[in-house]
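Presented below is the structure to which this report refers.
The numbers here are math on the coordinates, done by the rules we state, and not lab data. These numbers come from a predicted model, not from an experiment. Please note: Cβ atoms are built from the backbone with ideal geometry, for glycine as well, and neighbour counts cover all protein chains shown.
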Amino acid sequence: MGSLNILFAVSSPRILVHLMGLVRAAKDRGHDVVIFFNEESVKLLVQYPMLSELGVEMLACQTTCQYIGIKEEDMIQGARITSLAEMVLLMEEKDRKLFLG
């Protein structure tokens, strides 16, 4: 099997260690990875600069960021705020989608 385009959707910050392991494993196998952070997990993009070391596209839910008060300049390098509409488009185009609580 060739490389896949994988979307991870994350809502809970408690799974940080598992998320990092899954992303590294996917990247080691040559897969393209995008992570969409929503709900409480968007705080990870402010609190854990080590996430930028993963070298993947990291997206934060715009609605959640507005509710919590997180601005794009508060987030780690490589992360950006986006809408649920982009999340839907990503779900359509990616080969695999994993939703992590």
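A few comments on the model shown:
- Hz values of 3J(HN,Hα) by residue in segment 32-42 - Karplus curve (6.51, -1.76, 1.60), Gly and Pro given as x: 8, 10, 10, 10, 10, 9, 9, 6, 5, 5, 4
- Counting only DSSP beta bridges whose two residues both lie in segment 5-100, roughly 0 percent are antiparallel.
- Proximal charge balance of GLN66 [Cβ under 15 Å; K/R count +1, D/E count -1]: -2
- Of the options (i) 373; (ii) 235; (iii) 84, only one is volume of the Cα convex hull per residue in Å³ as computed from these coordinates, and that is (iii).
- For segment 24-54, trypsin sites (Lys or Arg not before Pro) are listed when DSSP marks them as loop and at most 15 other Cβ atoms sit within 10 Å of their Cβ; the list is ARG29.
- Long-range HN-HN contacts of ILE81 with modeled amide H, under 5 Å: ALA60
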